[in-house]
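Worksheet for the structure shown next.
Rule-based calculations on the coordinates, nothing more; no lab input. These numbers come from a predicted model, not from an experiment. Please note: Cβ atoms are built from the backbone with ideal geometry, for glycine as well, and neighbour counts cover all protein chains shown.
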Amino acid sequence: MKISKESLCGLRLTRVYADLGTAHMTLKDRDLLEAAAENPSAPLTVYNYKYGFFIPLDSDSWEETKPELEEAGHSEDFVFLLGWCIKQAFDLMRFDCDGEISTRFPTHDW
């Protein structure tokens, strides 16, 4: 199948994602993400896998989502990190046990 330039008009085929270690979240954040992955009505859409999580980021709903995350018990560090990624125009957040550790953000031992 040949894809023409015209058939791609208006489609965004590439996405940008942040790739950080799970050390940038607390144990409670991890537990809440695992629960959210099983709950379609959770404040975040979360896809978990053996080594971490994928979280699609939506700048249009962040103002509504942020207080829901705080009320659910997510750490201030976690909420700040997601907000920062959204402001940087990332489309997806990947937390992986072997992901990058950034000195820009706090880390948590668990």
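Miscellaneous remarks
- Since only CYS85, HIS24, LEU44 are under comparison, the one whose Cα sits farthest along the positive direction of the charge dipole of the chain, derived from C-beta charges on Lys, Arg, Asp and Glu, is CYS85.
- Maximal additional length on extending the GLU38-PHE54 stretch stands at 4.4 nm, based on 0.36 nm per residue less the C-alpha distance.
- Sites excluded, trypsin sites (Lys or Arg not before Pro) in DSSP loops with at most 10 other C-beta within 10 Å, longest stretch of the chain: 51-103
- Within the shell defined by Cβ-Cβ distances under 14 Å, the residues around GLU38 carry a net charge of -1, with Lys and Arg each +1 and Asp and Glu each -1.
- Angle in degrees between helix 62-72 and the longest Cα principal axis of the chain, rounded to the nearest 10: 30 degrees
- Local electrostatic count at GLY21 - Lys and Arg +1, Asp and Glu -1, tallied over other residues with Cβ under 11 Å: -3
- Seen from every direction in turn and averaged, the convex hull around the alpha carbons of the chain projects onto 8.8 nm².
- Cα-based helix-to-principal-axis angle, 76-87 vs the chain, degrees rounded to 10: 20 degrees
- Per-pair calculated FRET efficiency, R0 = 25 Å: THR103 and GLU68 via Cβ, rounded to 0.05: 0.30
- Beta bridges per DSSP with both ends in the chain, % antiparallel, nearest 5: 55 percent
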